[in-house]
Amino acid sequence: GNHVRAAFFLDSPGNSRKVTTRTDLLRAGITWQQTLFDFTVFPAYRLGKLTDEAVRLQYQATVRDTLFGVARAYYDVLKSQAVVVVNEQTLELAAEQLDQAEKRFKVDPGRRTDTLRAKSTLENARRTLIESQAALTLARNTLSNILNLGGRDDFDLAEPTAAKFDDERFEAALAQAYARREDYQISAIAIKQDIERRNQVRGEYGPRVVADINQNWDSYNGSDRYVNNWSAGLALQIPIFTGGQREIDMRTAQHQIDQARLNYE
């Protein structure tokens, strides 16, 4: 700012002279403030660790789902191949049945209904075979796309060996299944994450220790005066009046925890 100083001098008892001097004050300063202690740091750190674990499990679940997708497409092709073989045999049996019905019809014209029934069975078997062949083509195309074969379906699949299961107790098998279910573990971590978010809400309304440092430079134009001063201090910030926002945030956080527990169950 600008400061104006005025000085009055008396020369003689009958004469007065007024002298006015002007000095400009130039001031510059910088303030640095640092939070020394905040209750939200620890919940945020634990939430970050839980999020990292959840992302890792989600990655494993994605890999497992991809492998299951390949295995599912593989067995769909094997199943469709087996269904086509059965339908081909059914069509051959229906053709033989029609042939026998026509021979009986030549001997006994009263058996015409048997011939018509055999023809109907033959056509139904042919339709079923065509549908199963189309399903097989679709299954082979799906597996080809999953394996990045460019739509080629000129491959043969081998029957896998029969799976062998150890004779173990149901409780042990159930525990092993839970341990290998990444989505189950992620849902359990989600409860802990919501608890840490609630702790963050509590920390936001807790006291904070803040340090601040002020540095000021004062310079007076027209003089050689130059002042350099600084100050430092500690402050304790405590939110007192929140207008009910703290209670709203806490209830919202508790509802999220209850919802995560329901999803886990």
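Annotations
- Count of Lys pairs (Cα-Cα under 26 Å; at least 8 positions apart or interchain) in the chain: 4
- For Arg197, neighbours were defined as the other residues whose beta-carbon sits under 15 Å from its Cβ, and their charges (Lys and Arg +1, Asp and Glu -1) total +3.
- Tilt relative to the chain, helix 245-264 - C-alpha long axis, 0 to 90 degrees, to 10: 20 degrees
- Per atom type, region 153-265 shows carbon and sulfur on 52% of its accessible surface, probed at 1.4 Å.
- The chain: relative contact order as a whole-number percent, Cα under 8 Å and 6+ apart: 30 percent
- Averaging over all projection directions, the Cα-based convex hull of the chain occupies 37.1 nm² in the image plane.
- For Arg64, neighbours were defined as the other residues whose beta-carbon sits under 11 Å from its Cβ, and their charges (Lys and Arg +1, Asp and Glu -1) total -1.
- Region 52-143, accessible surface, carbon-and-sulfur percent (1.4 angstrom probe): 58 percent
- Taking all protein chains into account, the per residue accessible area for the chain stands at 75 Å² (1.4 Å probe).
- Packing rank of 243-256, 26-39, 164-177, where each peptide gets the mean count of other beta carbons within 10 Å, highest leading: 243-256, 26-39, 164-177
The values are calculated or read from the model by the stated rules, or taken from the named source; none is laboratory data. Remember, it's a predicted structure, so these values are computed and weren't measured experimentally. Here the Cβ is made from the backbone with ideal geometry for all residues, glycine too, and neighbour counts use every protein chain on show. Surface areas here come from the heavy atoms of the whole protein model, side chains and all, with no ligands, DNA or RNA. Shrake-Rupley method; radii C 1.70, N 1.55, O 1.52, S 1.80 Å.
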